Amino acid sequence: MKIGLVLPLSEYPSGQPSYAQIRSLALQAEDSGFDSLWVFDHLLFRGDDGTSEGIWESWTVLAALAEATERVELGSLVTCTAFRNPAVLAKMAVTLDEVSRGRLILGLGSGWHVPEFEAFGVPFDHRVDRFEEALQIIVPLLRTGRADFTGRHHWVRSGELRPRGPRPGGPPVLVAAHRPRMMALAARYADLWNSCWFGSPSGAVEVLSRVRESCLREGRDPATLGVTLGVNVSVEGEDGRGGEAPPGADVLTGSPREVARGLRRYEALGVSHLVLNLNPHHGEAQSRLRAALRRYRAGARPTTEKVNQ
């Protein structure tokens, strides 16, 4: 099972990181052996009280990381198709795949945070309809280099991607989906499916069953859809300290041995790629997570210790 790591782009909870700090964490993660690095695609967070939280633009950061790193896969978790013209987004994807030498995972979703849509003048109505139309443009362009489509919200005429990028079929497409219609779209169009955010592995059992049922309804062998999950994680140090966790969140937490045990349980559920979200994410916290990753990779056997649920 691949293990990826989310990089911090936003102000919460430790203040706005500079790109230099993001780059440093990315290089530390690559050196530690993580398989992938991921960024959130948001424009702004705003609470019900009007308080705003900033975040860097994800694709600009991904492009910089594509040059800074050498081995890790790079993914968006997930790109909101409403924020960019879908045909232009396909163009961006093959270009970034070229810059990264074939390391992009194109995560796509419909978006959910209404205030950022309003703040940047992006339509929120018919959100899933717009997403489905975007997939009907993006996926053919990536797979074949061409697309013709006329919908209610999007259209392309004689759409063409030139040059094609380093992979003939383009980068793998990941669709984030939790509800039935979005799961059906993932089963129909995606190479990978994702749902977030989990802590205890037992919490993912139901949604894994539902995505497999969705594949069967769409006439697809569930084994052909890669299963990825986002997991909140926090690791304690040898002194038992650390292990910070945001209030109210479901978090996989404990010692490196306990967290490694939790990772193995996810693998036993058939997950092919875990995306771990450290919160807060700083060098020391990442080092503790690296210890858990090494225990997982070494195949340490489960003990009687329990992962906190």
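Using only Cα atoms, tell me the angle between helix 205-217 and the longest principal axis of the chain; keep it within 0 to 90° and round to the nearest 10.
In the chain, helix 205-217 runs at an angle near 30 degrees to the longest axis.
Relative to the present Cα-Cα distance, how much length would full extension add between Arg101 and Val205 at 0.36 nm per residue of separation? Could you put the intermediate results ahead of the total?
Details: separation 104, 0.36 × 104 = 37.44 nm, distance 3.51 nm.
Length gained between Arg101 and Val205: 33.9 nm.
Classify the stretch 1-93: rounded, prolate or oblate, from the alpha-carbon gyration tensor (a ≥ b ≥ c, eigenvalue square roots; a/c under 1.5 rounded; otherwise prolate if a/b is larger than b/c)?
It is oblate, given that a/c is not under 1.5 and a/b is not larger than b/c.
Computed from the coordinates I sent, Rg and Dmax of the Cα atoms in Å equals one of (i) 19.1, 62; (ii) 20.8, 65; (iii) 21.8, 80. Tell me the label.
Matching entry in (i) 19.1, 62; (ii) 20.8, 65; (iii) 21.8, 80: (i).
Quick one: helix 58-68 against the long Cα principal axis of the chain, what's the angle to the nearest 10°, folded into 0 to 90?
Approximately 70 degrees, to the nearest 10.
Which of the peptides 196-209, 275-288 is most tightly packed, and how do the rest follow, going by the mean number of other Cβ atoms within 10 Å of each residue? It would help to have the intermediate numbers written out before the result.
On the way: 196-209: 16.6, 275-288: 19.0.
Peptide ranking by packing, descending: 275-288, 196-209.
Can you tell me the FRET efficiency between Asp49 and His126 if r is taken as the Cβ-Cβ distance and R0 is 25 Å, rounded to the nearest 0.05?
On the way: r = 29 Å, r/R0 = 1.14.
Taking R0 as 25 Å, the efficiency between Asp49 and His126 is 0.30.
Shape call for the stretch 65-180 from the C-alpha gyration tensor, a ≥ b ≥ c root eigenvalues: rounded (a/c under 1.5), prolate (a/b greater than b/c) or oblate?
Numbers: a/c = 2.00, a/b = 1.29, b/c = 1.55.
Because a/c hits 1.5 or more and a/b fails to exceed b/c, the stretch 65-180 counts as oblate.
Counting Lys and Arg as +1 and Asp and Glu as -1, what is the net charge of the other residues whose Cβ lies under 11 Å from the Cβ of Leu225? Before the final figure, lay out each step's value.
Working: positive: Arg188, Arg212, Arg220; negative: Asp191, Glu218, Asp221.
My count for the surroundings of Leu225 gives 0.
Between Arg152 and Glu218, what FRET efficiency follows from the Cβ-Cβ distance if R0 is 30 Å, with the result rounded to 0.05?
Numbers: r = 22 Å, r/R0 = 0.75.
Efficiency, rounded to the nearest 0.05: 0.85.
Computed FRET efficiency, Cβ-Cβ of Glu267 and Ala298, R0 22 Å: what is it to the nearest 0.05? Could you put the intermediate results ahead of the total?
Working: r = 14 Å, r/R0 = 0.63.
That gives a FRET efficiency of 0.95.
For the stretch 148-298, rounded, prolate or oblate, judged on the Cα gyration tensor with a ≥ b ≥ c (square roots of eigenvalues), a/c < 1.5 rounded, else prolate if a/b > b/c?
Details: a/c = 2.38, a/b = 1.88, b/c = 1.27.
Prolate.
Between Trp38, Trp155, Trp56, where does the largest GNM mean-square fluctuation fall for the chain, given springs only between Cα atoms within less than 10 Å?
Ranking Trp38, Trp155, Trp56 by mean-square fluctuation puts Trp155 first.
We did not get these values from a lab; they are worked out from the coordinates using the rules stated. As the structure is a computational prediction, the values presented were derived from the model and not from experiment. Ideal geometry is used to build each Cβ from the backbone, glycine not excepted, and the neighbour counts take in all protein chains shown.
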